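One structure below.
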Amino acid sequence: MAKALGIDIGGTGIKGALVDTATGELLTDRIKLATPDGGSPDDIIATVVDLIAQLGGVEDAVPLGVCFPAIVKNGRTMSAANVSKKWIGLKAEKLFEKALGRDIHFVNDADAAGYAEVRYGAAKDVTGLVILTTLGTGIGSALIYNGVLIPNSELGHLEIDGKDAEKRAAYSVKERDNLDWKDWAKRLQVYYEHLELLFSPDLFIVGGGVSKTPEEFLPLLTLDTPIVPAVHRNNAGILGAAALASN
Ligand code: BGC
């Protein structure tokens, strides 16, 4: 059986599981640990080491994929919206490899989720342009054209009405400001309309924890583009990181 371990580092939680990369099924329970306050490199790396130990470790022959909430270019983290600014410019892939004593595959979290949905979910066999957005601590994005991922799109940081889009419309903002579904959906409407204007996509996919309850907010949106929840909900990052590592 083709298997790989996927670790999804987010602004709030760090999750991991062993994945059957042929089918996209989880082979173990998902373990979730809180992202350490401040999100510093040392603390996050230590939490990932701990999480892998809690999963029972991982054999060297099993590929290990790690996805992270920042621009990832040639193994370096080039931004840090919801983690410590110390990540900016860091050779993060190397640091994880040193701490874990083995190779990893390292990518942006939304790109990993997008890849998982192409391979095992809502973007499978979809032609044209798919935009996956993860609505969580921030807003992540994956651009997929005819099944090919175009990495590091960072559409959560589009400036809309003079504001960073994720600061208005991320799920964490709904929670922080106690917005009801209707008020949050108004912000999502503005955001997705803007994406439609810029990209004329063929499909939107919504990931992140809130994609577990799509019935609460997707029917409140009026868009020209079909919009569906990620098939793998909040596990898409884990699956994508594992699948990319096994390629
Ligand atoms: C980051 C992205 C990330 C997204 C979701 C944004 O703030 O800039 O790189 O994909 O949050 O975690």
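Across region 111-144, the number of residues qualifying as within 9 Å of Gly240 (Cα to Cα) and open to solvent by less than 10 Å² (accessible area, probe 1.4 Å) comes to 6. The sole residue among Leu149, Leu179 that is out of contact with any Asp or Glu (no Cβ under 8 Å at 6 or more places or on another chain) and either within 14 Å of the ligand (Cβ to nearest atom) or open to solvent by 10 Å² or more (accessible area, probe 1.4 Å) (or both) is Leu179.
Among the residues of region 77-100, the ones that are more than 16 Å from the ligand (Cβ to nearest atom) and surrounded by fewer than 19 Cβ atoms within 10 Å (Cβ to Cβ) come to 7 in all.
Checked against (1) closer than 16 Å to Ala165 by Cβ; (2) open to solvent by 30 Å² or more (accessible area, probe 1.4 Å), Asn234 passes all but condition (1).
For region 152-162, enumerate the residues that are in a helix (DSSP H, G or I) and either open to solvent by 50 Å² or more (accessible area, probe 1.4 Å) or more than 8 Å from the ligand (Cβ to nearest atom) (or both).
Within region 152-162, the subset in a helix (DSSP H, G or I) is 155-157.
Result: Leu155, His157.
Looking only at region 62-76, filter to residues that are more than 9 Å from the ligand (Cβ to nearest atom) and touching a residue at least 12 places away in the same chain (Cβ under 8 Å); which one of those is farthest from Gly156 (Cα to Cα)? First the steps, then the outcome.
The initial filter retains those residues of region 62-76 that are more than 9 Å from the ligand (Cβ to nearest atom), namely 62-66, 73-76.
If we keep only those that are touching a residue at least 12 places away in the same chain (Cβ under 8 Å) too, we end up with 62-66, 73, 75-76.
On the way: Val62: 33, Pro63: 29, Leu64: 27, Gly65: 23, Val66: 20, Lys73: 18, Gly75: 21, Arg76: 20 Å.
Per the stated criteria, the residue is Val62.
Taking residues in region 215-237 that are part of a helix (DSSP H, G or I), and partners anywhere that are of a type in the set (Phe, Trp, Tyr), the pairs with Cβ atoms closer than 8 Å and at least 6 places apart or on different chains are Glu216/Trp181; Leu220/Trp181.
The residue that is nearest to the ligand (Cβ to nearest atom), among those in region 106-126 that are more than 15 Å from the chain's Cα centre (by Cα) and either free of Cβ contacts under 8 Å to residues at least 24 places away in the same chain or in a strand (DSSP E or B) (or both), is Lys124.
Assessment of region 46-58 against the conditions (within 14 Å of the ligand (Cβ to nearest atom) and in contact with a helix residue (DSSP H, G or I) (Cβ under 7 Å, 6 or more places away or on another chain)) yields no matching residue.
Among the residues of region 182-197, which ones are aliphatic (A, V, I, L, M) and either without any contact (Cβ under 8 Å) to a residue 12 or more places away in the chain or not assigned by TED's automatic domain parsing to the domain that holds Tyr145 (or both)? Selection gives Leu197 alone. Considering every residue within region 199-207, establish whether at least one is part of a helix (DSSP H, G or I), open to solvent by 80 Å² or more (accessible area, probe 1.4 Å), touching a residue at least 12 places away in the same chain (Cβ under 8 Å) and not β-branched (Val, Ile, Thr). No; the residues of region 199-207 include none that is part of a helix (DSSP H, G or I), open to solvent by 80 Å² or more (accessible area, probe 1.4 Å), touching a residue at least 12 places away in the same chain (Cβ under 8 Å) and not β-branched (Val, Ile, Thr).
What is the one condition in (1) touching a helix residue (DSSP H, G or I) at 6+ places or on another chain (Cβ under 8 Å); (2) under 18 Å from Val107 (Cα atoms) that Ile31 does not satisfy? Of the numbered conditions (1) touching a helix residue (DSSP H, G or I) at 6+ places or on another chain (Cβ under 8 Å); (2) under 18 Å from Val107 (Cα atoms), the odd one out for Ile31 is (2).
Looking across region 1-15, the residues that are within 16 Å of the ligand (Cβ to nearest atom), open to solvent by less than 10 Å² (accessible area, probe 1.4 Å) and under 11 Å from Val66 (Cα atoms) come down to Gly6, Ile7, Ile9, Ile14.
The values are calculated or read from the model by the stated rules, or taken from the named source; none is laboratory data. Since we're looking at a predicted model, the values are computed, not measured. Virtual Cβ from ideal backbone geometry, glycine too; neighbours counted across all protein chains shown. Calculation scope for accessible area: heavy atoms of the full protein, side chains included, ligands and nucleic acids excluded. Shrake-Rupley method; radii C 1.70, N 1.55, O 1.52, S 1.80 Å.
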